[in-house]
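Below is one structure, written out as structure tokens, with a few remarks after it.
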Amino acid sequence: MSIARSASSQQLARETRERFVRATEGVIVPLAHAIRDRLTQQASEIGSARAMQESRDDFVTFQGQASQWVSLAQAGWRRSVGAPGAAPAASSGAKLRLELIDDDAMESSILSSRLAQLIHDKASFELSDLRLRIQFLEGTSELDANDVLRPETLAKLLVDQWLAAGLSRTLWARVQETVQQQLVGVVVKAYEDANAFLISSGVMPEIDLKSFVRRTGGSSSTSGATGPATVPASPYAAGAAQAAGAAQRQGGAHTSPQPRAFAPSAPSLTTGGSPLMVARQRAQTALLSLKRFVAARIGADASAASSSSTTTTTTTGTDGHARGAGPAATGAGSPRPFSRTFAGVIAEAEAAYRMAATQYMQGSAEQATIIQQAAVDLRRRSAELKKRAPTTADKATVEIVALMFQAILAEERIPFSARVWFARLQMPVLRVAIAEPEFFGTLQHPARMLIDRMGSCVMGFDAAAISGSALEGEIRRVVQVIEQYPETGQRVFKLVFDEFVAFLNRYLTQSDATQRVMSVAQQVEQKETMAIQYTIELRKMLNDMPVREEIREFLFKVWAEVLAIAALRYGAQGEQTVMLKRVASELVWAASAKPNRTDRARVIQDLPQLLQRLRLGMTLLGIIDEPQEAHIKAIGATLSDAFLSKTEAIPAAKIEAMAERLAHLEDFVADDGGASSLPLDANSIELLLGVDAASIEVVADTAGGIPAEDMLAWAHELEVGNWFMLDHNDRVSQVQFVWRSDRKQLHLFASADGRSFLIQVGRLASYLQAGLLVPAEEETLTVRATREALAKLDANPERLLN
């Protein structure tokens, strides 16, 4: 349904798309350079003769075709903004024809869908807000399937032009991680800028929860539209067609389903990568498989409904509201309203189960019996909902969600007290899944993210540790908040997800021991990072000064550490810190040439105090006794040589400028969120704050160890609360990730027996790569539940709609 909008609104929407295309077009050339660099690196790596030859062939091939790919991609992307939705609509007959597309087209579609899915995952909320603003401007209920603002459009264009330039799918699969790393951030930023541009133009500055209330078919939309809403009969079919190009619709008689006929072997496109990337690809393959299965099952039913008219795509549901029957009625992930009657039926089932669950909990039955009662009750209510579902898509959604929650309730590693609350999420999730088909298409849907995060957190605890705990109370609060706001769709899930993550950060670090370790680790990181930054600044200051090498080394390797620990203990502008900063400039001046008698007399007069302050600083750092005397002796010899030096003296103005810069050193150092090298061991922790580090297993970076970039990326993406199996010093422990430092250099894991493992990021990446740190769960809770649901549907496909 479309509503007429003013020319200025249409122009604003067009300008937004043009800005988006310009912003994203600029990444194509750097992307080609990054791919070339990656292939160059691969070509120089040592491996088997065959692998080395393939790497060299890849490099030569891309080198010859890169410029053509860039030109084709840029030209095609610029043309695409001309007319969003200009692609010719499929004819009625084409829509109703079911056919298997060839393997090449399927593999190309899978490649582009993976890239599009990752963009969806990273930009879920920015894209959702932008979609709503564009729909508001244009008076439409959805974006066109070929709209440049859809991630699928850019992903498909890049892959298609890659093939058009003569490059292979295999080569794309080998460089897809590089493509994702270079592209995703730029696209996400472009979505953010597009939203900012529209907000500055006065378009929906605020999008609050109430604006997401799902209207019934006969009520007004938020844009002021009236009249019946059109609902796709099969959001799965639309999602499957867009994400994988799986099938077109078939009219006529109902044929026997062949769910696997639409699922070609995807593993052939998986060419290694980090375990994180492999796990994501497997998860996305599971979601695509589910979409294809459902599309194959309900495609004929949807077609039969639409075949009654060639001029309209709507039919009348059992409650009298108009529903879309055509599979192209919506794009994948587009929100869709559903009938007031069915929404009320779900609300009734939810309220009834809530009351029943309360009675189960108040009874005296065994825990296993209560879980069984809950499962049977939910199964019965799901069967009743299927009978009253107005469309085949709704019936399928009810069945799939019910099967997913059956799997979740059967997961014995989730403590009983948590499972009973998970069960109460089935109806809210069903409501979201019906209104928002993207629930089945993205791993980053807030409802999935919430269930996965809560599940991954509680599966490592035993029942006794959870029962009555603050964690159980938070899960209960989360579920109750979701139940209180049934009309807000995914936004309430996003809200409570953020709140749950914030709660985890507090809950997992609330013990005194963990707080102490965190405090020490944070300060160690700050101290070491500041020392590195101070060293860089000192090198800049002394770059053009004639300073003896011995003094340079002392300032870089010793005094930068002194200044860092002083700044940490006394503050950057504390009296002690300011004095020690001044010592650095005084030492540089004292060690420079002294051609005149006045300067030499001044050095002799100030030397005792200078040496005393140098001793004070080294003592603060823990350098005492013989090592301290060795430094003092070397400095004294350098100062003696300065008396006899015939070189030019350092001008006083330079010394004064250095002293001024040192006094405000923090204004010049860059806080870039991390350090390239961070020395760390138990001794440095004890030295810093005098804390006994016996209870802390410090796992520092190894000298010369350079972890792979994809492993570092994986380390940075670990989620607080998840459980792992850690094999350290030939002892395997189950540990929970409880804290990451501000600069993401240090990671704290806690075991059930009270031990703490403080692991530096480089070593963490190495442990992940070597399999010494392994996620306790190979896949998330909802992905596993999806896979189990699909297995049951494969074995018994008739249950989907029966």
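The values are calculated or read from the model by the stated rules, or taken from the named source; none is laboratory data. Quantities reported herein were computed from a predicted structural model and do not represent experimental measurements. Glycine gets a Cβ as well: all are built from the backbone with ideal geometry, and neighbour counts include every protein chain shown. Quick note on the areas: whole protein, heavy atoms, side chains included, nothing else; ligands and nucleic acids left out. Shrake-Rupley method; radii C 1.70, N 1.55, O 1.52, S 1.80 Å.
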- Round to the nearest 10 and report in Å² the accessible area of residue 144, as given by a 1.4 Å probe over the protein chains' heavy atoms. 60 Å²
- Item | Top positive-direction residue, dipole computed over the stretch 399-497 with Cβ charges, set 495, 430, 443 | 495
- Message: Quick check on packing: order 397-408, 350-361 by the mean number of other C-beta atoms within 10 Å, highest mean leading.
- Response: 397-408, 350-361
- Message: Please compute the length gained on full extension between residue 719 and residue 509, using 0.36 nm multiplied by the number of residues separating them and subtracting their Cα-Cα distance.
- Response: 74.2 nm
- With every protein chain present, what is the per residue accessible area of the stretch 705-793 (1.4 Å probe, Å²)? 40 Å²
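Over the stretch 344-455, what relative contact order in percent results from Cα pairs under 8 Å that are six or more residues apart?
Relative contact order, the stretch 344-455: 27 percent.
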- Percentage of interatomic Cα-Cα distances in the stretch 754-802 larger than 19 Å: 55 percent
- Pull out the extension gain between residue 29 and residue 552, defined as 0.36 nm times the separation in residues minus the alpha carbon to alpha carbon distance; nm, one decimal. 184.0 nm
- Item | Alpha carbon centroid spacing (whole Å) that separates the stretch 131-200 from the stretch 412-490 | 31 Å
- Query: Given a Förster distance of 41 angstrom, what is the FRET efficiency for residue 373 paired with residue 19, based on the Cβ-Cβ distance and rounded to 0.05?
  - Reply: 0.15
- Can you give the extra length, in nm with one decimal, that the chain gains between residue 53 and residue 355 once fully stretched, where that is 0.36 nm per residue apart less the Cα-Cα distance? 102.0 nm
- Alpha-carbon centroid distance for the pair the stretch 727-802 / the stretch 541-563, whole angstrom: 45 Å
- Task: For an R0 of 25 angstrom, estimate the FRET efficiency from the Cβ-Cβ distance between residue 656 and residue 615 and round to the nearest 0.05.
- Result: 0.50
- Distance violations [Cα-Cα > 26 Å] among 557/744; 494/792; 387/792; 291/387: 494/792
- Message: Applying a 10 Å radius around every beta-carbon, put 286-296, 434-444 in order of their mean neighbour count, most first.
- Response: 286-296, 434-444
- Message: If R₀ is 25 angstrom, what is the calculated FRET efficiency for the pair residue 607 and residue 536, using the beta carbon separation as r and rounding to 0.05?
- Response: 0.30
